[in-house]
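What follows is a short report on a single structure.
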Amino acid sequence: MNVIVCLKQVPGTAQVKIDPETNTLIREGIENVINPFDTYALEEGVRLKERFGGKVTAMSMGPPQAEGALREAVSLGADEAILLSDKAFAGADTWATAYTLASAVNKLGQYDIIICGRQTLDGDTGQVGPELSEMLEVPFVAYVSRIEEIADGQMRVQRMVEEGHEVIEAPLPTVITVVKEINVPRLPSLRGIVKSKSAVIPVWTVPDLGVDQSRVGLAGSFTKVIKVFFPQRVCQGEIFQGELGNQVECLMGKLKDAGLV
Amino acid sequence: MEYFLTEEQKTIKSLARRIAEERILPVRAELDETEEFPWAIMKDLADADMFRVFVPEEYEGLGGGCLELCLVVEELSRVCSAIATCYAVNALGSFTLIDYGTEEQRRKYLPDIAGGKKLTAFAVTEPTAGSDVSAIKTTAEKVEGGYVLNGTKQFITNGGEAEIYTVIALTDKARGVRGASAILVEKDTPGFSFGKKEKKMGIRASATRELIFRNCFVPEENLIAKPGMGFLLAMKLFDHSRPGIGAQAVGIAQGALEVAVDYTRQRIQFGQPLISLPVVQDILGEMATQVEAARALVYAAARMVDSGAKKVTEESAMAKVFASDVAMKVTTDAVQICGGTGYMRDFPLEKMMRDAKITQIYEGSNQILRNAIAIELRKRKARTE
Ligand SMILES: Cc1cc2nc3c(=O)[nH]c(=O)nc-3n(C[C@H](O)[C@H](O)[C@H](O)COP(=O)(O)OP(=O)(O)OC[C@H]3O[C@@H](n4cnc5c(N)ncnc54)[C@H](O)[C@@H]3O)c2cc1C
């Protein structure tokens, strides 16, 4: 079982600030982590390897420091890691990102399953996984919460939908995105950390992938971020405190004043 | 304080802290209530290679020593010293095997210990032999091909949960302590059973049980070192393990200090946070100083053990005595400055105070150890005269 896990390095907190001038995230002074949703993808990949043998390759497109996320992936059980990094990749939207990842997957060659997180913490689009499958022309299942069985080149998975679960079968190779319900990611091990420190992580650039410059990064992006902002809070909530009876009285008073009851 | 730890030691310490905060913190109060053995956490510790820390590399360990062990125990104890006990006692149950076992014995047991697949325990205490270890009555009679054990061990940590037990028993009753030997006994050996599980004041998630031997046969190859060396091996073992109890105490005290600082910053009385009151500041300043002094002594003793020094009885006793007294004092003061809240069971301090007490009692009570330190002082003076 050859598993590829696509993961992204993101700022380690949901409270990042936005630079009002450039409309981009202020990343200075903030610790970077593996996108939390991707940690479930990695864990599931490592578990598949433990169940069926084979290997797990972690792949990330990002600036040179994204190597840190890949080292962490090795400490958590990935056998190999590849960083896709080139100035030309910068500013990629989901389409250009998926194109770059797909090119790297094709360069790697043989694989059985590609696992991505359901979305990133910073971009929040959830599009890279499905776009990747389109470009690779393989099946895709989103929001997988359980891998039930893999046998005879087929996999059966449960996927979370609003009303409950769907059970889906797909031939391998397949791309899936996973939800956090799928597992509890392990912590790194001491031996894993030692291994990750000396792991050789190749960096693949535009020439390595043999891709067309105009299809990657900002140049290859169909969408453009014009503005990022916090929604204005238009009305304030109010919390009543004290005895329950008093709270109910206060609430009724307010509702009456507002002419709602 | 900067202790100039190596990169590897820093990695061990920070991973142990992560496990403590992410896995242990959410369950510590519940485990204290239910007194259940923390198997899930033992698995987390095993997966993270924490049991490899104190095992030599040749046997699938990471080749660390007393200091590495202390770093893990301190970090776990900062959050829950009951769970730290379940972990730390594996070193107590392995050191004799590591230091004096034959190649076959080590090959047979250490890889499973390193992988956390099998827990260990060490048993010397008996109903009639507490501080006076020489009063043990459990016998291991020599028979064709091995030994037959009879007797009862008391207050054995990890008893019933561990797979591998190092037991001190008399192979030659006539010779008293010189007739004691260290023998490995595996769980499920016929004639080996467990008595009641103790209900304790603190470290309640750890298991403390009686070991009962009734005509329990173990093969010859389970003897560690030579017959008659058991008492000496036990004393050497404690010299090496006591800094670990010191580390447990430092961890508890550190945890209590942090809780006290957080609480006294938030708690407003007389229009200001408690931490602004000079009396409270005085207590906190003293607590912090004591904790750091204890840590420095524990690390220094652990490093001395790791240096291979021949005699570390005094130093390791000092580390254990000082740190455990600090833990008791710091947790008591922490409860005091947090007032009624500190006394409540849904606040972590009362557990820390209950947990601290044992560190003054086991692996040699502090009175016995002060005694041992004084004996060394006297011997040294006598040698120079
Ligand atoms: C939770 C727990 C876990 C334990 N785990 C283990 C274990 O895993 N393996 C194991 O073998 N043992 C274990 N023990 C036993 C422990 O080491 C003993 O309880 C300890 O050595 C003290 O012995 P005692 O309880 O019999 O006290 P006693 O010997 O009866 O002493 C009672 C008090 O008298 C004082 N005292 C006694 N003699 C002297 C003296 N000569 N001079 C000055 N003061 C003295 C002591 O300081 C002590 O405070 C454990 C005990 C507990 C409570």
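The values are calculated or read from the model by the stated rules, or taken from the named source; none is laboratory data. Keep in mind that what you see is a predicted model, and the values were worked out from it rather than measured. Please note: Cβ atoms are built from the backbone with ideal geometry, for glycine as well, and neighbour counts cover all protein chains shown. For accessibility, only protein heavy atoms count, side chains too; no ligands or nucleic acids. Shrake-Rupley method; radii C 1.70, N 1.55, O 1.52, S 1.80 Å.
Assigning unit charges at the beta carbon (Lys, Arg +1; Asp, Glu -1) and nothing else, what dipole magnitude in debye, to the nearest 20, does chain A show about its Cα centre? Before the final figure, lay out the partial values.
Values: 25 positive and 34 negative charges, 119 e Å.
With Lys and Arg at +1 and Asp and Glu at -1, about 580 debye.
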task: Using DSSP to define loop residues, name the trypsin sites (Lys or Arg not before Pro) in segment B:55-138 whose beta-carbon has at most 12 other beta-carbon atoms within 10 Å.
output: B:117
Distance (nanometres) between label positions extended 7 Å along Cα→Cβ at residue B:289 and residue B:220: 6.2 nm
query: Roughly speaking, what is the centre-to-centre gap between segment B:108-170 and segment A:112-153 when only Cα atoms are used, to the nearest Å?
result: 53 Å
task: Give the Cα extents of the protein assembly as shown along the principal axes, in whole Å, largest first.
output: 90, 68, 52
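Report, to the nearest whole %, how much of the accessible area of segment B:231-380 belongs to carbon and sulfur atoms, 1.4 Å probe, protein only. Could you put the intermediate results ahead of the total?
On the way: 4090 of 6790 Å².
After summing per-atom areas, the C and S share lands at 60 percent.
Viscosity 1.306 mPa s, temperature 10 °C: what is the translational diffusion coefficient of segment B:7-119 from Stokes-Einstein with a Kirkwood Rh over Cα pairs, rounded to a whole number of µm²/s?
Values: Rh = 14.1 Å.
It comes out at roughly 113 µm²/s.
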- line: For segment B:40-57, Karplus-derived ³J(HN,Hα) couplings (6.51, -1.76, 1.60; θ = phi - 60°; whole Hz; x for glycine and proline) come out as 4, 6, 4, 5, 4, 5, 5, 4, 7, 6, 5, 6, 7, 3, 9, 9, x, 4
message: Above 25 Å lies some portion of the pair distances; for segment B:231-380, what is it as a whole percent of all C-alpha pairs?
response: 35 percent
query: With a 1.4 Å probe, how much accessible area is buried between chains B and A, both sides summed, in Å² to the nearest hundred?
result: 1100 Å²
Charge sum, other residues only, whose C-beta stays under 14 Å from residue B:297's C-beta, Lys/Arg counted +1 and Asp/Glu -1: -1
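Leaving out ligands, DNA and RNA, what percent of the accessible area of segment A:2-215 is carbon and sulfur, probe 1.4 Å?
Values: 4910 of 9950 Å².
On segment A:2-215, the fraction of accessible area on carbon and sulfur atoms equals 49 percent.
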message: For segment B:7-119, what does the accessible surface come to per residue with a 1.4 Å probe? Please give it in Å².
response: 36 Å²
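Send over a whole-number figure in Å² for the accessible area per residue of segment A:135-261, probe 1.4 Å. Numbers along the way, then the final one.
Working: 8850 Å² over 127 residues.
Ligands and nucleic acids excluded, the result is 70 Å² per residue.
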Whole-percent pair-distance distribution, where bins are 20 Å wide, for the alpha carbons of chain B: 29, 57, 13, 1
query: From a point 7 Å beyond the Cα of residue B:272 in the direction of its Cβ, which residues of segment B:320-334 have a backbone N at a distance under 12 Å?
result: none
statement: For segment B:222-330 the trypsin sites (Lys or Arg not before Pro) that pass both the DSSP coil test and the at-most-11 other-Cβ-within-10 Å test are B:310, B:311
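Excluding residue A:116 itself, calculate the net charge of residues whose Cβ lies under 12 Å from the Cβ of residue A:116, where each Lys or Arg counts +1 and each Asp or Glu counts -1.
Details: positive: A:8, A:118; negative: A:38, A:44, A:131.
Every neighbour counted, the sum reads -1.
When the accessible area of segment B:121-227 is computed with all protein chains present and a 1.4 Å probe, what percentage of it is carbon and sulfur? Walk me through the intermediate numbers first.
Details: 2280 of 4560 Å².
Looking at segment B:121-227 in its full context, I get 50 percent from C and S.
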task: May I ask you to derive the FRET efficiency for residue B:58 and residue B:172 from their Cβ-Cβ distance with R0 = 30 Å, giving the value to the nearest 0.05?
output: 0.35
task: Specify the angular offset, from 0 to 90 degrees and rounded to the nearest 10, of the alpha carbon long axis of helix B:313-337 from the longest principal axis of the alpha carbons in chain B.
output: 40 degrees
- request: Output the residues of segment A:191-233 meeting this criterion: accessible area (heavy atoms, 1.4 Å probe) in the chain alone minus accessible area with all protein chains in place is 50 Å² or greater.
  value: A:191
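What FRET efficiency comes out for residue A:226 versus residue A:184 if R0 is 35 angstrom and r is the Cβ-Cβ distance? Round to the nearest 0.05. Mind showing how you got there, number by number?
Numbers: r = 39 Å, r/R0 = 1.12.
Calculated value: 0.35.
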task: Could you please report the charge total around residue B:60, scoring K, R as +1 and D, E as -1 over all other residues with beta-carbon less than 13 angstrom from its beta-carbon?
output: +3
- request: For segment A:198-260, just the Cα atoms, rotate onto the principal axes and tell me the three extents in Å, largest first.
  value: 71, 37, 13
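List the GluC sites (Glu not before Pro) within segment A:133-183 that fall in a DSSP loop (any state other than H, G, I, E or B) and whose Cβ has at most 11 other Cβ atoms within 10 Å.
Working: sites: A:134, A:137, A:148, A:149, A:162, A:163, A:166, A:169, A:181; in loops: A:137, A:162, A:163.
Within segment A:133-183, the qualifying GluC sites (Glu not before Pro) (loop, at most 11 other Cβ atoms within 10 Å) are A:137, A:162, A:163.
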query: So if R0 is 56 Å, what FRET efficiency would residue A:65 and residue B:380 give, r being the distance between their Cβ atoms, rounded to the nearest 0.05?
result: 0.50
- request: For segment B:18-90 and segment A:187-205, compute the distance between their C-alpha centroids and round to whole Å.
  value: 24 Å
- prompt: Which residues make up the longest stretch of chain B clear of chymotrypsin sites (Phe, Trp or Tyr not before Pro) that lie in a DSSP loop with no more than 15 other Cβ atoms within 10 Å, not counting the sites?
  reply: B:5-269
